[in-house]
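Please read the structure below before turning to the comments.
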Amino acid sequence: MQDVWDYFPKTSRKFGHQVRIGVSTRYAYVSHHLSITERSDFLYVQYHYDSTEVIDTIRVEHSNEYRYEYQKYDEFDTYLTASIVYCVPLRRQWQIDLSTVGNYYLYSKRTNEQNPTDGVDTTSEVSREDNDSYELSVSGAVRYILDSRTSLSANIGYFYNQGGLGKSRTRRVNPWHYIGREQLPPAEYGQFDISTQLTYRLSIPTTLYANLQYYRNYRDSDDQNVVSSSNMSGYSLSVSLSHNIF
């Protein structure tokens, strides 16, 4: 039994470096449907002015309303990608993992279709960007393994994305009503985050995770010489349980 506690299940520890270069594709599809049925009942009753006695029922009304809403979103990307991973087990209880990933988009397409609340018209929107968008992410983690039950890690990461002048958007209401095509302004987005995570095995198949994170991001865009900028930061605390059935 002690061997099970000492050696199972153990998170693998990597060492050495890895370099990867290639072409990748990615596709995602999300569909959201919502049906709403509302029933309203109105009862108008006349009471005696100095008592709760009901004199008469004046009117009874019923109304029913049904609404259906949906939204469909899909995206397709083809991009060049390169990544470097470097892992170092410093000592028996210390582990360092470093990684960086860069993507350069050769072709991207976003399609968003939805109907408004009244359900009268369907609005479709297509966004496309070619040869002018790239992103870079850098992350590092230091992990201290106290014993077979407990480990503590500190993580830091940065993500950057920039899109250029080639972005455009096509909008139409219903398949027959074409609104127009417009150029999207160049924009850049960045996010920095730092977090700590405590891992504790309550039992052999069950593990408790507690994570504390701080993040800060910004977004800048330039639309016809009008520069806009936004910044946001926040904290998050999460606690979760993981249980292995087999």
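The values are calculated or read from the model by the stated rules, or taken from the named source; none is laboratory data. Just so we're clear, the structure is a prediction, and the values are computed from it rather than from any experiment. For neighbour counting, all protein chains shown are included, and Cβ atoms are generated from backbone atoms with ideal geometry for every residue, glycine included. Remember, those area values only see protein heavy atoms, side chains included, never the ligands or the DNA or RNA. Shrake-Rupley method; radii C 1.70, N 1.55, O 1.52, S 1.80 Å.
Between residue 159 and residue 240, the modelled label-to-label distance comes to 1.5 nm, taking each label 7 Å out from Cα in the direction of the beta carbon.
Model label points for residue 228 and residue 55, set 7 angstrom from Cα along the Cα-to-Cβ axis, are 5.9 nm apart. Between residue 29 and residue 84, the C-beta separation translates, for a Förster distance of 30 Å, into a calculated FRET efficiency of about 0.45. In this structure region 13-57 gives 93 Å² per residue of accessible area when probed at 1.4 Å with all protein chains present.
Let a ≥ b ≥ c be the square roots of the eigenvalues of the Cα gyration tensor of region 15-101; is it rounded (a/c under 1.5), or, if not, prolate (a/b larger than b/c) or oblate? It comes out oblate by the Cα gyration axes. A simple spin-label model places pseudo-atoms 7 Å from Cα toward Cβ; at residue 62 and residue 41 they are separated by 0.9 nm.
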